[in-house]
Amino acid sequence: MFARSSTFHGKPDTVDAGIKFIIGEAAPMLQKSEGCLGVSFLVDRDTGMCIATSSWETEEAMHNSEETLRPMRDRSRDLLHASMQVDEWEIAMMHRMHHAECCRVSWLQGDLDALVDSFRMSLLPQLEDMSGFCSASLLINRWTGLGCATTAWESTETMIASRTAADEMRARAASDTNGEIVQVHEFELAYAHLHVPEMA
């Protein structure tokens, strides 16, 4: 399974227009694309940072969609008055328990095989025991050595309450992979319609 993410650094007052476009136009178009397994849209209303992620059955399907979907990405960028960065990923892990309201995304640089093992064997069992935890995913890019871990939470309150434990787990993951934490950001989960199978 594979994923393509488009990260937009836009303006806070354009976020609602971006959500409307994703729900009303982008998601329906993506769902008609061969091999597409759905899309999610994360937003930070304070900073204007947004991430749209589409998931795909195969790397070939993801690449075949590029020409068709590029104008849609450009339209999102224009609506959000944003700069845009596009990344491609392998989906290394996907685990869902409940519907979520918000997400924390952590980018880590390091040994990706060690990161997958650490996430699956050590971090995921701890997350499952935490109040308000809903789901977790891990995306990796073997060309850049970058991993992107997302944990989803049932409310902003439970996500905030998890911060100290999450900081400790993230630091341990960086240590286990001889890597470093690149960035951490928290988002509202504005839209999620994904059919990626369980990959825990």
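Which ³J(HN,Hα) values in Hz, rounded to whole numbers, follow from the phi angles of the range 62-74 under the Karplus curve 6.51 cos²θ - 1.76 cosθ + 1.60, where θ = phi - 60° and Gly and Pro get x?
Each residue of the range 62-74 in turn: 4, 5, 5, 7, 4, 5, 6, 8, 4, x, 5, 5, 4 Hz.
Send over the semi-axes of the chain's equivalent ellipsoid, whole angstrom and largest first, taken as the square roots of 5 times the C-alpha gyration tensor eigenvalues.
The equivalent ellipsoid of the chain has semi-axes of 26, 19, 16 Å.
Taking Cα atoms of the range 135-174, Rg/Rh with Kirkwood Rh, to two decimals? Don't skip to the end; give the middle numbers.
Details: Rg = 12.0 Å, Rh = 11.5 Å.
Reported Rg/Rh (Cα atoms, Kirkwood Rh): 1.05.
For the chain, what is the relative contact order in percent, using Cα pairs closer than 8 Å and at least 6 residues apart in sequence?
Relative contact order of the chain: 29 percent.
Rg and Dmax of the range 2-89, Cα atoms, in Å?
12.2, 36
In whole Hz, what ³J(HN,Hα) sequence does the range 177-189 give by Karplus (6.51, -1.76, 1.60; θ = phi - 60°), x for Gly and Pro?
9, 6, x, 9, 7, 8, 6, 9, 8, 10, 9, 7, 8
Rounded to the nearest Å, what's the spacing between the alpha carbon centres of the range 119-184 and the range 8-82? Just the number, please.
For the range 119-184 versus the range 8-82, the Cα centre distance is 24 Å.
Whole-Hz ³J(HN,Hα) for each residue in the range 143-157, computed from phi via Karplus 6.51 cos²θ - 1.76 cosθ + 1.60 with θ = phi - 60°, x for glycine and proline: what do you get?
Values per residue, Gly and Pro as x: 6, 9, x, 9, x, 10, 9, 10, 10, 10, 9, 6, 7, 4, 4 Hz.
Using helices alone, I'd like the mean residue ellipticity at 222 nm for the chain: each DSSP H run of four-plus residues gives -39500 (n - 2.57), total over residue count, nearest 500.
Mean residue ellipticity, 222 nm, calculated: -9000 deg cm²/dmol.
Would you pull out the residues with amide H under 5 Å of Tyr191's amide H, same chain only if 5 or more places away, H placed 1.01 Å from N?
Long-range HN contacts for Tyr191: Phe41.
When the expected Rg is taken as 2.2 N^0.38 Å, what fraction or multiple of it is the alpha-carbon Rg of the range 18-69? Provide the component values of the computation, followed by the final result.
Numbers: Rg = 11.9 Å, N = 52, 2.2 N^0.38 = 9.9 Å.
Here the answer is 1.20, to two decimals.
In nm, to one decimal, how far is the modelled label at Ser83 from the one at His185, with both set 7 Å along Cα→Cβ?
1.1
Mind checking the alpha-carbon convex hull of the range 83-156 and giving the volume per residue in Å³? Working shown, then result.
Details: hull volume 7.3 nm³, N = 74.
Each residue corresponds to 99 Å³ of Cα convex hull volume.
Each reported figure results from applying straightforward, stated rules to the coordinates on display, with no laboratory input. Source: prediction; values computed, not measured. In this analysis, Cβ positions are derived from the backbone assuming ideal geometry, glycine residues included, and neighbour counts consider all displayed protein chains.
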